Protein chains: 2
Amino acid sequence: MAGRKRASYERVVEKTASIGKAAVGLFRAKGYLETSMQDISKACRMSKGGIYHYFAAKDRILFFVLSGYMDRILEGLENELFAIAGPEERIRFVIRRHIRLYTRYQAEAKTLLHDANCLPKKYFNVVADKERKYYRIVSGVLDEFFGRTMPKKELTAATFLLFGMCNWIYSWYDPKGPVTPDDLAEMIYRMFMEGCGSIKNVHHPSR
Amino acid sequence: MAGRKRASYERVVEKTASIGKAAVGLFRAKGYLETSMQDISKACRMSKGGIYHYFAAKDRILFFVLSGYMDRILEGLENELFAIAGPEERIRFVIRRHIRLYTRYQAEAKTLLHDANCLPKKYFNVVADKERKYYRIVSGVLDEFFGRTMPKKELTAATFLLFGMCNWIYSWYDPKGPVTPDDLAEMIYRMFMEGCGSIKNVHHPSR
């Protein structure tokens, strides 16, 4: 009995994940509004009826994908930070982790940026709460680095300028290009800590 | 005769501008795909027939708006840069100009980010060419600052990290909030030149 229950639970997890993965690939390629349940059905090789068994509507799939992406971003983050010594290393870690997750889940990241506002208010708020939680954690790491002396408006700006450098990469960065995700993370870290000159110096070992 | 021609030309300029302004406000608020010609007609108090007199289709309005925004960004930029002494001052100028234009044309900037991919290929390419031209100018300013010694991949990263800080402000920055556009530009300039510590020091005159 327990075996059958587990099998059924695992089946739900597996099916919803596979629908979500197919859907977010389409959302990324053609946008949420332009993607139909028919498209999703084709992409995940499941009947529309089969999909409706797991998701009552297309917006539930969008919510499942975006909320799940934010969960992955938040999962274990506070514990991991707790285990890292020194505020500078925590900043470096947060940036590297952000870039790694971004490059692994590019479709989810781009959909969050472009289509989160297609969620019904109630679902949107759940995702926005998770984004705020992430913001607070990152901002807390910076606040600690600044010795808790940075005025609020400058701390807010510093946090969002860092997010800007990390998130804008969707418009230009190719993880398969000449700069690896970890190299990019190090460039962002150095830019954030010391400004653009230190990116240059990465490749000027004479300094 | 010349008088009538001028009046007619001016009427076209005025009407297309007013349709564009009404449309981009809607694109920003509800997205390009969700905005109908009916919505635009209501917003600019003109009949749909009247609008079709100036624009053959909704995507022409989108093109008019985005291409016009990029023209404003490019207009006079190279001459203005030519007149500024010193590579650091040119960087500061480019950032301040970018933030001022962004805060003045927020609807256009957000629509460029979210809906440019709704343009037919041919029109998209025209806008993308203008974006590339802007990229090249800004990248050239940085290249000069680095004494033309920055390797290409680092120069590309530095340019796009700067764009990231400038463009991501759409997600958090309120020009009517406690930080003025010029203050924000100065924060970005300092972050870019010297890293986050220099944002802090703006408000720590003791250092």
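No value in this document is a laboratory result; all are computed from the given coordinates. Remember, predicted model here, so these are calculated numbers, not experimental data. Reconstructed Cβ throughout: ideal geometry from the backbone, glycine too, with neighbour counts over all protein chains shown.
Under 5 Å between amide H atoms, partner at least 5 residues away or on a different chain: which partners does residue A:150 have, H built in plane at 1.01 Å?
Counting only residues 5 or more places away or on other chains, the set is empty.
What pairs in B:21/B:110; A:110/B:21; A:21/A:176; A:152/B:176; A:30/B:176; A:42/A:130 have C-alpha atoms more than 24 Å from each other?
From the list (B:21/B:110; A:110/B:21; A:21/A:176; A:152/B:176; A:30/B:176; A:42/A:130), the Cα-Cα distance tops 24 Å for A:110/B:21; A:30/B:176; A:42/A:130.
Can you list the HN-Hα couplings for the range B:136-148, worked out from phi with the Karplus curve (6.51, -1.76, 1.60; θ = phi - 60°), rounded to whole Hz and with x for Gly and Pro?
5, 5, 5, 4, x, 4, 5, 4, 5, 4, 7, x, 6
Long-range amide H contacts for residue A:196: which residues qualify at under 5 Å (H placed 1.01 Å from N, peptide plane, sequence gap of 5 or more or a different chain)?
Residues meeting the amide H criterion: B:193, B:194, B:195.
For helix B:181-194, report the angle its Cα long axis makes with the longest principal axis of the Cα atoms of chain B; keep it between 0 and 90° and round to the nearest 10°.
Helix B:181-194 sits at roughly 40 degrees to that axis.
Starting from the Cα coordinates of the range B:103-163, work out the convex hull volume and express it per residue in Å³.
Here the figure is 102 Å³ per residue.
Could you give each residue of the range A:23-28 its phi-based ³J(HN,Hα) in whole Hz, using Karplus coefficients 6.51, -1.76, 1.60 with θ = phi - 60°, and x for Gly or Pro?
Residue by residue, the range A:23-28 yields 5, 5, x, 6, 4, 5 Hz.
Out of A:52, B:185, A:76, whose Cα points farthest toward the positive end of the dipole of the protein assembly as shown (charges: +1 Lys, Arg; -1 Asp, Glu; placed on Cβ)?
Comparing the listed Cα positions along the dipole, A:52 ranks first.
Give a quick list of trypsin sites (Lys or Arg not before Pro) in the range B:127-167 that DSSP marks as loop, anything other than H, G, I, E or B, with at most 11 other Cβ atoms within 10 Å.
B:148
Put +1 on the Cβ of each Lys and Arg and -1 on the Cβ of each Asp and Glu in the protein assembly as shown; which of B:64, A:168, B:146 then has its Cα farthest toward the positive end of the dipole?
B:64
Quick one: dipole size for chain B, taken about the Cα centre, charges +1 on Lys/Arg Cβ and -1 on Asp/Glu Cβ, in debye to the nearest 20.
In total the dipole reaches around 800 debye.
Let me spell out the model: positive unit charges on the Cβ of Lys and Arg, negative unit charges on the Cβ of Asp and Glu, origin at the Cα centre of the range B:116-207. What dipole size does that give, in debye rounded to 20?
400 debye
List, shortest first and in nm to one decimal, how far the label point of residue B:59 (7 Å from Cα along Cα→Cβ) is from its counterparts in the other copies.
Its label point is 2.8 nm from the equivalent points in the other copies.
Where the label is 7 Å out from Cα toward Cβ, how close does residue B:176 come to the same position in every other copy, in nm, shortest first?
Once sorted, the set of distances for residue B:176 reads 4.7 nm.
Once phi is turned into ³J(HN,Hα) by the Karplus curve 6.51 cos²θ - 1.76 cosθ + 1.60 with θ = phi - 60°, what whole-Hz value does each residue of the range B:119-127 show in order, with x for glycine and proline?
Computed from phi, the couplings for the range B:119-127 are 6, x, 2, 4, 6, 4, 4, 4, 5 Hz.
Please build a GNM for chain A, connecting alpha carbons under 10 Å apart, and tell me which residue among A:82, A:124, A:145 fluctuates the most.
A:82
Shortest first and in nm to one decimal, what separations exist between residue B:135 and its copies in the other chains, measuring from label points 7 Å along the Cα-to-beta-carbon line?
Spacings between copies for this position, smallest first, are 2.9 nm.
Okay, helix-only estimate at 222 nm for chain A: each DSSP H run of n ≥ 4 adds -39500 (n - 2.57), divide by all residues, round to 500 deg cm²/dmol; what do you get?
Helix-only estimate at 222 nm: -24000 deg cm²/dmol.
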